[in-house]
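One structure is given below, encoded as structure tokens.
The values are calculated or read from the model by the stated rules, or taken from the named source; none is laboratory data. Predicted model only: the values in this text are computed from it and were never measured. Glycine gets a Cβ as well: all are built from the backbone with ideal geometry, and neighbour counts include every protein chain shown. Protein only, heavy atoms only, side chains kept; ligands, DNA and RNA dropped before computing areas. Shrake-Rupley method; radii C 1.70, N 1.55, O 1.52, S 1.80 Å.
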Amino acid sequence: MGKKKRVLVKFSGEALAGANGFGIDSLILKFIADEIKSLIEAGIEVGIVIGGGNIIRGVSAAKDGIIRRTSGDHMGMLATVINSIAMREALERSGLDVRVQSAIKMEAICETFIVGRANRHLEKNRVVIFAAGTGNPFFTTDTAATLRAIEIGSDMIIKATKVDGVYDRDPNKFDDAKLLKSLSYEQAMQDDIKVMDDTAIALAKDNSLPILVCNMFKEGNLLRIIQNEENAAYSIVK
Ligand code: UDP
């Protein structure tokens, strides 16, 4: 048997909010849990990073000058822990084994991130959710996801979004916007494309980690992408 595929799926906190635009929508949790379950059943090892934007972002928390940016970022990292716990519940409800590992120690709630331990969980077909970002302010969960993907030797990072992939310009503004099937890391950094923040893309580039951008709300798409099926919809940055 060949080496098992290992993937890191990143989705934003906003994805969890659904139509409300805030908080956590249980139906979305359930949908995502079922999608992740189909990957585990196909023998794929899965790590997850969830953002915190549905609850709070450091930059916005600090915009009035009352809350310091570093404190706002601490709040943002804690928001990712809230989302991670919710996701763990939904995944467990779907019958999966799950571990949450936080970059910031909170031993009554979850494990602390230890790469060797994460690898062991993944080998045992447990889903590992990496919470609390990188544990440092001034970073994003896209960077945290890229870092964790590299640390665990993931074959790819999948940035799961609400759109089908990367367009040459904003598809909401331009009718003739074209979906790019494949692009370079340099293209992905361009202001009008911005697949992820520059830190995340630079890290992916330095470590030759492919970034796949896809629509997470198309049923079965994640599995089709990983299994390289012809009808899989995504853009790849490599
Ligand atoms: N954050 C941080 N360090 C990290 C990751 C995240 O300080 O390594 C904070 C930051 O304030 C960020 C918030 O957590 O705004 C939520 O993460 P992000 O904005 O990436 O969430 P998303 O946009 O994916 O929902």
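Size of segment 48-94: Rg and Dmax of its alpha carbons, in Å, are 12.6, 43.
Positive end of the dipole of segment 17-102 (Cβ unit charges, origin at the Cα centre): among 20, 56, 43, the Cα lying farthest that way belongs to 56. Residue 5 sits among other residues whose Cβ lies under 11 Å from its own Cβ, and their net charge, with Lys and Arg +1 and Asp and Glu -1, is +1. Charge tally for residue 174 (other residues, Cβ to Cβ under 14 Å; Lys, Arg +1; Asp, Glu -1): -2. Let me know the shape class of segment 139-238, please: from the alpha-carbon gyration tensor, a ≥ b ≥ c as square roots of the eigenvalues, rounded when a/c is under 1.5, otherwise prolate if a/b is greater than b/c, or oblate. Cα axes put segment 139-238 in the oblate bin. Given axes a ≥ b ≥ c from the Cα gyration tensor, I'd like to know whether the chain is rounded (a/c under 1.5), prolate (a/b larger than b/c) or oblate. Taking the square roots of the gyration eigenvalues as a ≥ b ≥ c, the chain is rounded.
Could you compute the net charge surrounding residue 141? Neighbours are other residues with a C-beta less than 12 Å from the C-beta of residue 141; K and R count +1, D and E count -1. Cβ neighbours under 12 Å give a net charge of 0. Among 134, 115, 187, pick out the residue whose Cα is farthest towards the positive end of the charge dipole of segment 106-200, where Lys and Arg carry +1 and Asp and Glu carry -1 on C-beta, about the Cα centre. In segment 106-200, that residue is 115. When the trypsin sites (Lys or Arg not before Pro) in segment 157-186 are filtered for DSSP coil states and for at most 11 other beta-carbon atoms within 10 Å of their beta-carbon, the remaining sites are 162, 173, 178, 181.
Only Lys, Arg, Asp and Glu carry charge here, each on its Cβ (+1 for the first two, -1 for the last two); on that basis segment 100-238 has a dipole of about 460 debye about its Cα centre.
Placing +1 on each Lys and Arg Cβ and -1 on each Asp and Glu Cβ, with no other charges, gives segment 98-148 a dipole about its Cα centre of roughly 200 debye. The Cα center of segment 186-238 and the Cα center of segment 28-86 differ in position by 19 Å. Solvent-accessible area of the chain (1.4 angstrom probe, protein heavy atoms only): carbon and sulfur portion equals 51 percent. Applying a DSSP loop filter and a limit of 11 other Cβ atoms within 10 Å to the GluC sites (Glu not before Pro) in segment 41-140 leaves 107. Of the chymotrypsin sites (Phe, Trp or Tyr not before Pro) found in segment 1-96, the ones in coil according to DSSP and having at most 14 other Cβ atoms within 10 Å of their Cβ are 22. Heavy atoms of the protein chains alone define the surface here; on that basis segment 51-179 has 49 Å² accessible area per residue at 1.4 Å probe size.
With 22 Å as the limit, the listed pairs 105/205; 30/178; 37/124 have 105/205; 30/178 beyond it between alpha carbons.
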